[in-house]
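Colleague: Below is one structure. I have some questions about it.
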Amino acid sequence: MNEIKGASAVQREPFFDPRQMRGRPGLEPTGVVAGPVALALCEAGQALALAGGPLAFTHMRFGNELLAVADLRRRAEQADMGGDENLALRLEALSCPRAPLAGLALSGRGARTRIMGVCNVTPDSFSDGGDHADPGAAVTFARRMAEAGADIIDVGGESTRPGALPVSHTEELDRVLPVVEALAANGLTVSIDTRHADVMRAAIAAGATIVNDVAALTEPGALEAVAQSNVSVILMHMRGTPETMQARPAYEDVVQDVFDWLADRVQACHIAGISHDRIVIDPGFGFGKTVEHNAALLAQLARFHGLGCALAVGLSRKSFIGAWTSEKDPKARLPGSLAAAISAAARGAQIVRVHDVAQTRAALAVWRKGAGLSV
Ligand code: PT1
C-alpha cells in the first residue's frame, strides 16, 4: 500500500493544479480500514490507500451517491470517454503518498500520526495562560514535550485564540527567537506559528524548518518569505481575524467553502514558487466557525485529502470541545481533546497540534493497536 500505483503522480504537472481538485460534487472517502484488512482490500481492488496509507477507504461519498471504490475506478476510467472529467485525477490526489514534512515520514505502511506540541511564549494564551511566558521557561517546557514524544515543536509568540489582540512584531520576535534558536540547536524540529513575514524570515534563519501560518501566507511578504527559503508551510483557513472571526461566521457549505479557499491558497503558493510537496493544509478548527461548523469539518475531515497535501489539525482544548463535553476549563478538556485527536487520526490526518503530548501519544498508540496498525 505504501507503493501503490500513482506514487509518482505527484510529479505530473496537471496534478499540481488545485483548480482541478475543486470539482463538484465533493468527494468524501469513507469506509476507512486499517492494518492487514486494508492491505488485502487494496490488493483486491476494493480499497484505495488514503493519502498513501497506512489507512485505506472502501467507499466514497460523491454528492448524494455512495459508491464502492471498484465502481468509482470504473467511472474514472470512463473519464476519457466523456464521463467524469477529472475524477481520476481527484482519486489520485486522495490516495497518493504525501511527501515527508521537514524529514518526517507522513505516508506509507509504517507512518504514524505526527504530534506537534504547542509551545506558546505568550502571557495570554487561552489554555495555558502564560505558563511559560518567558523564553527560558518555554525552552524547558518544549524539551519536556520532545522527551514525551513530540515530533515537532510549534513555537508561537502571538495568541490567535478568538478575541485575541495583535502584538507588535518586535515583541513577537523577542519572545520566539531565543526559543527557536535554542530548540533548533538541540536538533528538534521547530515550526514557527506566525502570520508575519519578518518573524518568518528571522525564525527560519534561527533554524525553524516549518512555517505554521493561521493566515495561510496572506499577509504582505509572507508568500515570498517562504518561497525564498526551503522550509515547508502549514496553510490554515481562517475567516476574518482572531479579533473578529467569531462574529456570526456563515458558510454555504463549510467543508466545501474551506476546501475551495485552501485550494486557492495552494495555487497562490505554486505561483509564488512553493512546490506542492512543501505544503500542508489545515481547516482551522475554531477560527471563524460555529460549534456546528467544527463538527462538520471533523466528521468530513477526509475530504481535505482531495487537495493532495498532508493534513494538519488543531483541536486540543478548544471551546467546541468544551461545548461537546460541558467543560468550561480548557485544561480540563483533555479527554475530549484525546478523542478528537483519535477521530482526526482515524480520518488520516497526518499531524495533530496538541498541548498534552504524552497523553496524546499514549492515546494514539492504543488506537493504532486497536486498529491493527503495525507501529
Ligand atoms: C490550529 C491552530 C494553530 N490553532 C494551526 N495552528 C491555534 N496550524 C493556533 C477556541 O475556540 O488549529 N492550526 N495555531 C489556536 N487557536 C484557537 C482557536 C484557540 C480557537 C482556541 C480556540 O477555544
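Colleague: Does region 278-285 contain any residue that is of a type in the set (A, V, I, L, M, F, W, C), more than 16 Å from residue 353 (Cβ to Cβ), assigned to a helix (DSSP H, G or I) and touching a residue at least 24 places away in the same chain (Cβ under 8 Å)?
Modeller: Checking region 278-285: not a single residue is of a type in the set (A, V, I, L, M, F, W, C), more than 16 Å from residue 353 (Cβ to Cβ), assigned to a helix (DSSP H, G or I) and touching a residue at least 24 places away in the same chain (Cβ under 8 Å).
Colleague: Test residue 147 against the criterion of being surrounded by fewer than 20 Cβ atoms within 10 Å (Cβ to Cβ), of a type in the set (D, E, K, R), away from the ligand (no atom under 16 Å from the Cβ) and at pLDDT below 95, and give yes or no.
Modeller: In short, no.
Colleague: Out of the residues in region 237-274 meeting the condition of being polar (S, T, N, Q) and modelled with pLDDT of 95 or more, tell me which one is farthest from residue 354 (Cα to Cα).
Modeller: Out of the qualifying residues, it is 267.
Colleague: Quick one: residue 320 ticks every box in (1) within 29 Å of residue 63 (Cα to Cα); (2) open to solvent by 30 Å² or more (accessible area, probe 1.4 Å) bar one, so which box is it?
Modeller: (2)
Conditions (1) away from the ligand (no atom under 15 Å from the Cβ); (2) of a type outside the set (Gly, Ala, Ser); (3) part of a helix (DSSP H, G or I), marked per residue:
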residue	(1), (2), (3)
233	no, yes, no
241	no, yes, no
252	yes, yes, no
256	yes, yes, yes
261	no, yes, yes
265	no, yes, yes
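Colleague: Residue check: is residue 306 on the phi < 0 side of the Ramachandran plot and touching a Leu at 6+ places or on another chain (Cβ under 6 Å)?
Modeller: yes
Colleague: Considering only residues that are open to solvent by less than 20 Å² (accessible area, probe 1.4 Å) and at pLDDT 95 or above, look in region 96-110 and name the one that is farthest from residue 191 (Cα to Cα).
Modeller: 96
Colleague: Out of 247, 227, I need the residue that is small (Gly, Ala, Ser), in contact (Cβ under 8 Å) with a residue 12 or more places away in the chain and either at negative phi or in contact with a Cys (Cβ under 8 Å, 6 or more places away or on another chain) (or both). Which one?
Modeller: Just one listed residue meets the conditions, 227.
Colleague: Taking residue 216 as the residue in question, decide whether it is away from the ligand (no atom under 12 Å from the Cβ) and touching a strand residue (DSSP E or B) at 6+ places or on another chain (Cβ under 7 Å).
Modeller: no
Colleague: If you check 237, 132, which single one turns out to be within 13 Å of the ligand (Cβ to nearest atom) and at negative phi?
Modeller: Step by step, each of 237, 132 is checked, and only 237 is within 13 Å of the ligand (Cβ to nearest atom) and at negative phi.
Colleague: To continue, here is another question. Determine whether residue 263 is open to solvent by less than 20 Å² (accessible area, probe 1.4 Å) and under 24 Å from residue 30 (Cα atoms).
Modeller: Answer is yes for this residue.
Colleague: Could you check region 295-324 and list, in sequence order, the residues that are within 13 Å of the ligand (Cβ to nearest atom) and among the polar types (S, T, N, Q)?
Modeller: Result: 316, 319.
Colleague: Check whether at least one residue in region 33-41 is modelled with pLDDT of 90 or more and within 22 Å of the chain's Cα centre (by Cα), and report yes or no.
Modeller: Yes, region 33-41 contains a residue that is modelled with pLDDT of 90 or more and within 22 Å of the chain's Cα centre (by Cα).
Colleague: Just to verify a result, which residue in region 168-197, among those that are open to solvent by less than 40 Å² (accessible area, probe 1.4 Å) and part of a loop (DSSP other than H, G, I, E, B), is farthest from residue 114 (Cα to Cα)?
Modeller: 196
Colleague: I'm checking my understanding of the structure. Among residues of region 116-144 that are modelled with pLDDT under 80 and touching a Lys or Arg at 6+ places or on another chain (Cβ under 6 Å), which one is least open to solvent (accessible area, probe 1.4 Å)?
Modeller: Step by step, filter region 116-144, then rank; the result is 127.
Colleague: Out of 339, 362, I need the residue that is in a helix (DSSP H, G or I), surrounded by fewer than 20 Cβ atoms within 10 Å (Cβ to Cβ) and in contact with a Leu (Cβ under 9 Å, 6 or more places away or on another chain). Which one?
Modeller: Details: 339 fails: in contact with a Leu (Cβ under 9 Å, 6 or more places away or on another chain).
Selected residue: 362, the only one of 339, 362 that is in a helix (DSSP H, G or I), surrounded by fewer than 20 Cβ atoms within 10 Å (Cβ to Cβ) and in contact with a Leu (Cβ under 9 Å, 6 or more places away or on another chain).
Colleague: Still on this model: Residues in region 293-314: is at least one of a type in the set (A, V, I, L, M), over 28 Å from residue 62 (Cβ atoms) and open to solvent by 10 Å² or more (accessible area, probe 1.4 Å)?
Modeller: No, because not a single residue in region 293-314 is of a type in the set (A, V, I, L, M), over 28 Å from residue 62 (Cβ atoms) and open to solvent by 10 Å² or more (accessible area, probe 1.4 Å).
Colleague: Go through (1) within 30 Å of residue 145 (Cα to Cα); (2) among the β-branched types (Val, Ile, Thr); (3) surrounded by 24 or more Cβ atoms within 10 Å (Cβ to Cβ) and name the single condition residue 258 misses.
Modeller: (1)
The values are calculated or read from the model by the stated rules, or taken from the named source; none is laboratory data. Keep in mind that what you see is a predicted model, and the values were worked out from it rather than measured. Cβ: placed from backbone, ideal geometry, glycine included. Neighbour counts: every protein chain shown. In case anyone asks, the SASA skips ligands and DNA or RNA and just uses the protein heavy atoms, side chains included. Shrake-Rupley method; radii C 1.70, N 1.55, O 1.52, S 1.80 Å.
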